[in-house]
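Just below is one structure, and these are the notes that go with it.
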Amino acid sequence: MLDDGKKPLVSVKDLKMHFPIHAGLLRRRVSEVKAVDGVSFDVFEGETLGLVGESGCGKSTCGRAVLRLYDITSGSIQIDDREIGATPQPDLREMRPTMQMVFQDPQASLNPRMTVEDIIKEPLDEHTTGTDAEKRKKVSELMDAVGLNRKFAKRYPHAFSGGQRQRIGIARALALNPKFIVCDEPIAALDVSIQAQVVNLLEDLQEQFGLTYLFISHDLSMVRHIATRVAVMYLGKIVELAPREGLYADPLHPYTKALLSAVPEPDPSLARTTERIILKGDVPSPSNPPEGCNFCTRCPSVMDICKRVEPDYREVQPGRFTACHLYNDANDTAE
Amino acid sequence: MPDGALPVLDVQDLKTVFQTRGGEVHAVNDVSFSLKPGELLGVVGESGSGKSVTMMSLLGLLPSPPADVRGGRVKFDGKDLLNVTPEQLRSVRGGKIGFVFQDPMTSLNPVYQVGFQIMEPLRKHMGMNKREAAARAQELLELVGIPDAKQRLLDYPHQFSGGMRQRVMIAIALACDPQVLIADEPTTALDVTIQAQILELMKDLRDKLGMAVIWITHDLGVIAGIADRVMVMYGGQVVEHAPVHALFTDPQHPYTRALLKTIPTIQGERAARLTIIEGQPPIMAGAPTSCPFRDRCDVAFDRCAVENPPRYDLGDGHDAACFYDVRTRGPRDA
């Protein structure tokens, strides 16, 4: 393994999250949307694992399923040496302080009728015992940590800008001293100049409190900045997982290649000379994925085997995992 | 880029004010720009910088009140669009000037077939009959790369994916052979691989049809790949305007320079820490009496607080609204 010295804080094995589709008069279960379909990865202590993919690929569902915000279809999730894959929801409560979430839309994830102080204090009320004064003190400390002025504690979310609201969401996630935070597109709703502020804040907090992040985003350049390792998802599956440098310098899976080449670079001379891989068509429906490899309908280097056999997700180089038949041959001959 | 040609669209000192209960908001302040035939002008800025409001005011798309287009001149096709009757303006919109909006989910009518919506401008502006319009609509769908065009004309918007819906929007905007196409964040709601498809399509169509395009976006990466000239907006004003290469290699306004530094890239050196622009965008209450960027600027000095800088011409089609001269590292024309 890559990080021999470190142990995984989070270990996900063959996670599946299928949502049923009901139809007809009797609301019979006719089919299912395979939003997450057999995903395995580890997140090591203190690292940031970036999870990227296009909309509908299942990355947000995956992040929420890891925190057991859903009752998962099957699979195993270990966080901090505890298996929580099948734990009933009431028993999960005592685990919640270890694992927290920062949501995408700071407008929708903050209660408009609660003051900032109440919002940040709510997890403390739920999970800790202590006097009101102690909790208030903790709230002030948290507001300092995320760069919010303490004087604004009595204000309501609408009085803050998008970037400031996201800071409130981060302060709430930090309130119970978590080890693991899932950041679900935390910067997608913000302007470029504000995005950098929030990303820098997340990095500072990681260093200060020794946090481990699962950073979900569709912004490949921002993930390159913040992540230690990156997993690329397509149609409910991880197609490639690799350390940051390797993935961006030498992507293995054809989808990763196409995705990276589609990112517009802010450099006019580069933008006009580099050859783009333009994928044809759209992502197939996750309720009816193609036979064989999920990417075979759009893959520029598709082979016959891809349309019949689903490729295994395996380690093709030290620390680099991918699910593609292109790399199976090389591996077989080497054995 | 054709040089020396007369501009198709010429905007001078456009000013738009919103009347709100909290007072006046000066959303567009003396914005001037021109557009030559076949040219692609990129407009960049953060939300609230006035880029969309500028385009909507020149087409008379803002409801009044609260909006009040207070001054300026928009020369198009020998007329001043700010001084024509609503009927005349209506014949320009969707006819000689096409418009593509940001969100393809909400800008198509869900209860009409896509074919009907493409045929509508053809019948209104070009006076085509049903059969002609249907043939042209099919041609347009093929042009924007939708397979099975004839069949798909009968489909409703919900039967199309996001990228396909944006293609339909582009087809509608192109229906009457516009001289100018205004695209307001047309790819923001789309995924990168779909965005790449749309960008290729636009470049292709521009070359094929020779129309001028105004492309509004907040993504400098998109601008780098597609624009001929770029206009950077901040606080309702044009702060810098330059040919695309000059803007990226030799930015002159502190805001443009800061913006270029804040964005991470997927190639080249990875910065250990992102540069940030401290502070928040300005509140645009009242007519500007100082530089809108001065609170966040690292080279601001006394003059910036008492006077709003005009756009200084720097030669080669490059201008910047800043009292500080990057080239001499000192105040401009003392």
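What follows is calculated from the coordinates using simple rules that are stated; it is not laboratory data. Here the structure is a predicted model, which is why all the values come from computation and not from measurement. Glycine gets a Cβ as well: all are built from the backbone with ideal geometry, and neighbour counts include every protein chain shown.
Here are the numbers:
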read-out	value
Chain A: mean projected area of Cα convex hull, nm²	20.7 nm²
Farthest positive-ward along chain B dipole, Cα basis, beta-carbon charges - from B:Pro309, B:Gln12, B:Thr275	B:Gln12
C-alpha long axis of helix A:192-209 to longest principal axis of chain A, angle in °	80 degrees
Cα→Cβ-extended label distance, 7 Å offset, between A:Met114 and B:Arg303, nm	5.2 nm
Rounded to 10°, Cα long-axis angle of helix A:162-174 versus longest principal axis of chain A	80 degrees
Net dipole in debye of the protein assembly as shown [+1 Lys, Arg Cβ; -1 Asp, Glu Cβ; about Cα centre; nearest 20]	1660 debye
Paramagnetic reach from B:Ala271 in segment A:225-266 [backbone N under 12 Å; point 7 Å along Cα→Cβ]	A:225
0 to 90° range, to nearest 10: angle between helix A:132-145 axis and chain A longest Cα axis	50 degrees
Chain B, dipole about Cα centre (Lys/Arg Cβ +1, Asp/Glu Cβ -1), debye to the nearest 20	620 debye
Set of aspartates and glutamates near B:Lys79 by C-alpha distance (under 17 Å), chain-local residues within fewer than 8 positions excluded	B:Asp10, B:Asp13, B:Glu87
Derived scalar couplings ³J(HN,Hα) [segment B:81-97; Karplus, 6.51 cos²θ - 1.76 cosθ + 1.60; whole Hz; x for Gly, Pro]	5, 7, 10, 10, 6, x, 5, 4, 5, 5, 6, 7, 5, x, x, 7, 10
For the protein assembly as shown, projected area of the alpha-carbon convex hull averaged over all directions, nm²	34.3 nm²
Segment A:112-122 - phi-based ³J(HN,Hα) in whole Hz, Karplus 6.51/-1.76/1.60, Gly and Pro as x	x, 9, 10, 6, 4, 4, 5, 5, 6, 7, 3
Spatially proximal aspartates and glutamates relative to A:Lys6 (Cα-Cα < 17 Å; intrachain offsets below 8 disregarded)	A:Asp42, A:Glu45, A:Glu47, A:Asp80, A:Asp81, A:Glu207
In range of the label at A:Lys7: residues from segment A:82-102 whose backbone nitrogen is under 19 Å from the point 7 Å along Cα→Cβ	A:82-85, A:95, A:98-99
Among A:19-32, B:62-75, the order from most to least packed when residues are scored by Cβ within 10 Å on average	B:62-75, A:19-32
Debye, to nearest 20: dipole size of chain A, +1 on Lys, Arg Cβ, -1 on Asp, Glu Cβ	1160 debye
B:Asp313 versus B:Asp13: modelled label distance in nm, points set 7 Å from Cα along the beta carbon direction	1.7 nm
GNM top mover of B:Thr289, B:Thr54, B:Thr265 - chain B, alpha-carbon springs below 10 Å	B:Thr265
Phi to ³J(HN,Hα) by Karplus 6.51 cos²θ - 1.76 cosθ + 1.60 over segment B:183-199, Hz, x for Gly, Pro	10, 9, 6, x, 10, 5, 8, 10, 6, 4, 5, 6, 4, 4, 4, 5, 4
Net length gained if the chain between A:Ser161 and A:Met303 were fully extended (0.36 nm per residue, minus Cα distance)	46.1 nm
Which of A:Met233, A:Met114 has the fewest Cβ neighbours within 10 Å, and the rest in rising order	A:Met114, A:Met233
Sequence of A:Ser285, B:Ser52, B:Ser107 once ranked by neighbouring C-beta atoms within 10 Å, starting from the fewest	A:Ser285, B:Ser107, B:Ser52
Averaged over A:270-279, number of beta-carbon atoms from partner chains that fall within 10 Å	4
Full-extension gain in nm, B:Glu87 to B:Arg131, via 0.36 nm per residue minus C-alpha separation	13.2 nm
Neighbour-count order for B:Leu122, A:Leu176, fewest beta carbons within 10 angstrom listed first	A:Leu176, B:Leu122
At R0 = 22 Å, FRET efficiency that the Cβ-Cβ distance of B:Ala287 and B:Ser32 yields, to 0.05	0.85
The protein assembly as shown - Cys residues lacking any other Cys C-beta under 4.7 Å	A:Cys57, A:Cys62, A:Cys183, A:Cys299, A:Cys324, B:Cys176, B:Cys297, B:Cys322
Full-stretch length increase - B:Glu24, B:Arg332 - with 0.36 nm per residue and alpha-carbon distance subtracted	107.7 nm
Mean Cβ neighbour count within 10 Å, used as a protection proxy, ranking A:54-60, B:298-304 highest first	A:54-60, B:298-304
Amide H partners (placed H, <5 Å) of A:Val230, local residues excluded	A:Gly50, A:Ala242, A:Arg244
Shielding by partners - mean other protein chain Cβ count within 10 Å, residues of B:214-227	4
Flagged links, alpha-carbon separation over 28 Å, of B:Lys15/B:Lys208; A:Lys16/A:Lys138; A:Lys135/A:Lys179	B:Lys15/B:Lys208; A:Lys16/A:Lys138
Unsatisfied cross-links (Cα-Cα over 24 Å) in the set B:Lys51/B:Lys75; B:Lys51/B:Lys203; B:Lys36/B:Lys130	B:Lys36/B:Lys130
Counting DSSP beta bridges with both ends in segment A:8-334, the antiparallel % (nearest 5)	65 percent
Percent breakdown of C-alpha pair distances by 5 Å bin, ordered from the shortest bin, for segment B:103-175	3, 20, 33, 26, 14, 4, 0
Exposed-site-free run, longest, chain B (rule: GluC sites (Glu not before Pro); DSSP loop; at most 15 other C-beta within 10 Å)	B:1-268
Charge dipole of segment A:130-174 about the Cα centre (unit charges at C-beta), most positive-ward option of A:Phe160, A:Gly147, A:Ile170	A:Phe160
